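Enquirer: Please read through the structure below; I'll follow up with questions.
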C-alpha cells in the first residue's frame, strides 16, 4: 500500500518522523516538498512530518541550503517548483565593478530603470534599460511619474538619440559552495521523507534511524559521525547517460536503497555537481527498499518518482563512497555546467536579438516580410548577434522607436429597412 494512503480510515494515525505528533488526515497537515521547492521540487507529501517540524525546517536548514545554491540558480535562471524565478544576486564583484544578477541570469549594473527630475519649468526623464523593448515597457510608468503625456514622452525619445553601451566582465565572483552542515541536514531530511512515502513514517521511528533523525532535527555532532560522505565517484555510465538524456545536464537525484539486512543508504546529486552518500540506517531498517526522485531544474515540469523502476544503482556501489576525489569531481562537474552555460548564453543572445528587433519594428502578431521594414529588422538582428556572440564591447547611438500598435476597427452596425 502506498504510504500516502496510510491511516485514512485507521484508528491509529501515522506519526511525524521527527517528533511524537500524530499526522492529521487529508489536507490537515502541511505538505512537505521532498526536493525543496526552491530547488525545483514539485513532489510533496503529507505523511512524513508534522506542520510544526515542516515550518521549523523551512526557516532553518532548508533556508540554509536555498541560500547556498542561490548564486547557481541565478546564473542559470533556475525556477522554483512553483515556477518563480530565483531572487536576484545584488552587488556581485566583477572586473567591471559590482553587478546585479537578475533571476533570469541577466547581468546589469543599473539601480533604477528610469529617473525623473524637475529642472526649472521642465521635466527630465532619463532611462537606463537593457533593451528597447524594456524601454517601451517602462514608458507608461515614467509618464505617470513625470506627469506628462505618453505622446510627449515618445516624441522626445524619438528626437534625441540614446546611447547603447555594452561591456563584458572578464570575471564575476559568486559563491558556488554547498558546504554548510545545515545544508547536508536538509538533504538528509529529503532522503528520509522520500523513503517515508514508500514505507510510512512510523517505520522510520525506530532506533535504527535515530542517528539520522537526531542529525536532522538536532544537529548532534555524534550523530553526524559516519552519516554522510561527499562522494567523488562517477556514476555508473549507463545510469548517468540515461539521466542526462531525460533530465538534462543539471539533474537533481535522490536515490534511497536498502539491502536484505535493512542497511539503508541514500545517494544524492544536486545539480549534478554536489554529491553525497548518506547512511540512514546501519542495519534493521525496512529491507529491500528502493525509491528515487529525479528532476530537471532547467524545466521543472520534467521529473519522475518512478525512476527507480527503470534505473538501478548496485547496493555495493552505493556502499563504497570515495571522498578523496570529491573536490576534483565537483570542479569537473562545474566546468561541464558552465560549458552548458555558454551554450545557453549563445541561444539567449539570438533570442534577445530577435525579440528586440521585432519589438522595435513590428507590433504583436504582425508577419515578417522582406520589405524595407523587414530588411531593417534583419540588419538589427545580425548586428546584435555578432556583437553578442563575440562579446564585442561597444558604444553606439541608438534611436527609440515607439512600438506599432494594431488598430482594430469595429464593424459598423447596419440596420435593415
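The values are calculated or read from the model by the stated rules, or taken from the named source; none is laboratory data. Quantities reported herein were computed from a predicted structural model and do not represent experimental measurements. Neighbour counts run over all protein chains shown; Cβ positions are idealised from the backbone, glycine included.
Enquirer: Of the residues 81, 77, 41, 58, only one is under 19 Å from the mean Cα position of the chain (by Cα), in the same structural domain as residue 304 (by TED's automatic domain parsing), surrounded by 15 or more Cβ atoms within 10 Å (Cβ to Cβ) and closer than 19 Å to residue 272 by Cβ; which?
Expert: Criteria check complete, one pass: 41.
Enquirer: Within the stretch 73-93, is there a residue that is touching a residue at least 24 places away in the same chain (Cβ under 8 Å) and under 27 Å from residue 22 (Cβ atoms)?
Expert: no
Enquirer: Give me the pairs: first residue in the stretch 133-160 and under 13 Å from residue 403 (Cβ atoms), second residue loosely packed, with under 12 Cβ neighbours inside 10 Å, beta-carbon distance under 8 Å, and six or more apart or on different chains, which are they?
Expert: Pairs that qualify, where the first residue is under 13 Å from residue 403 (Cβ atoms) and the partner is loosely packed, with under 12 Cβ neighbours inside 10 Å, are 150/140.
Enquirer: Let me ask another. Within the stretch 272-293, count every residue that is more than 24 Å from residue 232 (Cβ to Cβ) and at pLDDT below 95.
Expert: Result for the stretch 272-293: 0.
Enquirer: Quick check on residue 52: is it more than 11 Å from residue 200 (Cα to Cα) and either at pLDDT below 95 or surrounded by 15 or more Cβ atoms within 10 Å (Cβ to Cβ) (or both)?
Expert: No, not satisfied.
Enquirer: Helices (runs of 4 or more DSSP H) wholly in the stretch 178-271 with at least 3 residues that are within 20 Å of the chain's Cα centre (by Cα) and either modelled with pLDDT under 95 or within 23 Å of residue 283 (Cβ to Cβ) (or both) - which ones?
Expert: Those helices (runs of 4 or more DSSP H) span 181-199.
Enquirer: Same structure again: Give the residue that is surrounded by the most Cβ atoms within 10 Å (Cβ to Cβ), with candidates limited to residues of the stretch 273-285 that are touching a residue at least 60 places away in the same chain (Cβ under 8 Å) and under 23 Å from residue 80 (Cβ atoms).
Expert: Selected residue: 274.
Enquirer: Turning to a different aspect of this structure: Any residue in the stretch 344-367 that's outside the structural domain of residue 131 (by TED's automatic domain parsing) and modelled with pLDDT under 75: show its pairings with residues that are buried (at least 16 other Cβ atoms within 10 Å of the Cβ) and assigned to a helix (DSSP H, G or I) at Cβ separation under 7 Å, as long as the two are six or more apart or on different chains.
Expert: 349/385; 349/388
Enquirer: Does residue 288 satisfy the condition of being under 30 Å from residue 211 (Cβ atoms), in the same structural domain as residue 35 (by TED's automatic domain parsing), touching a residue at least 12 places away in the same chain (Cβ under 8 Å) and over 27 Å from the mean Cα position of the chain (by Cα)?
Expert: Yes.
Enquirer: Please indicate, with yes or no, whether at least one residue in the stretch 18-30 is under 22 Å from residue 256 (Cα atoms), in contact with a strand residue (DSSP E or B) (Cβ under 9 Å, 6 or more places away or on another chain) and surrounded by fewer than 23 Cβ atoms within 10 Å (Cβ to Cβ).
Expert: No, there is no match, as no residue in the stretch 18-30 is under 22 Å from residue 256 (Cα atoms), in contact with a strand residue (DSSP E or B) (Cβ under 9 Å, 6 or more places away or on another chain) and surrounded by fewer than 23 Cβ atoms within 10 Å (Cβ to Cβ).
Enquirer: Can you name the condition, by its number, that residue 316 falls short on among (1) assigned to a loop (DSSP other than H, G, I, E, B); (2) farther than 28 Å from residue 103 by Cα?
Expert: (1)
Enquirer: Hey, among 250, 194, 265, 204, which residue is buried (at least 21 other Cβ atoms within 10 Å of the Cβ) and out of contact with any helix residue (DSSP H, G or I) (no Cβ under 9 Å at 6 or more places or on another chain)?
Expert: 194
Enquirer: Looking at the stretch 70-79, can you tell me whether even one residue there is touching a helix residue (DSSP H, G or I) at 6+ places or on another chain (Cβ under 7 Å), closer than 17 Å to residue 187 by Cα and assigned to a helix (DSSP H, G or I)?
Expert: no
Enquirer: Go through the stretch 148-167 residue by residue and tally those that are more than 14 Å from residue 399 (Cβ to Cβ) and in contact with a strand residue (DSSP E or B) (Cβ under 7 Å, 6 or more places away or on another chain).
Expert: 4
Enquirer: Could you go through the stretch 22-35 and let me know if any residue there is more than 22 Å from residue 216 (Cα to Cα) and part of a loop (DSSP other than H, G, I, E, B).
Expert: Within the stretch 22-35, one or more residues are more than 22 Å from residue 216 (Cα to Cα) and part of a loop (DSSP other than H, G, I, E, B).
Enquirer: Starting from residues that are under 17 Å from residue 236 (Cβ atoms), in contact with a strand residue (DSSP E or B) (Cβ under 9 Å, 6 or more places away or on another chain) and at pLDDT below 90, keep the ones in the stretch 305-340 and report whichever is surrounded by the most Cβ atoms within 10 Å (Cβ to Cβ).
Expert: Taking the candidates together, the pick is 333.
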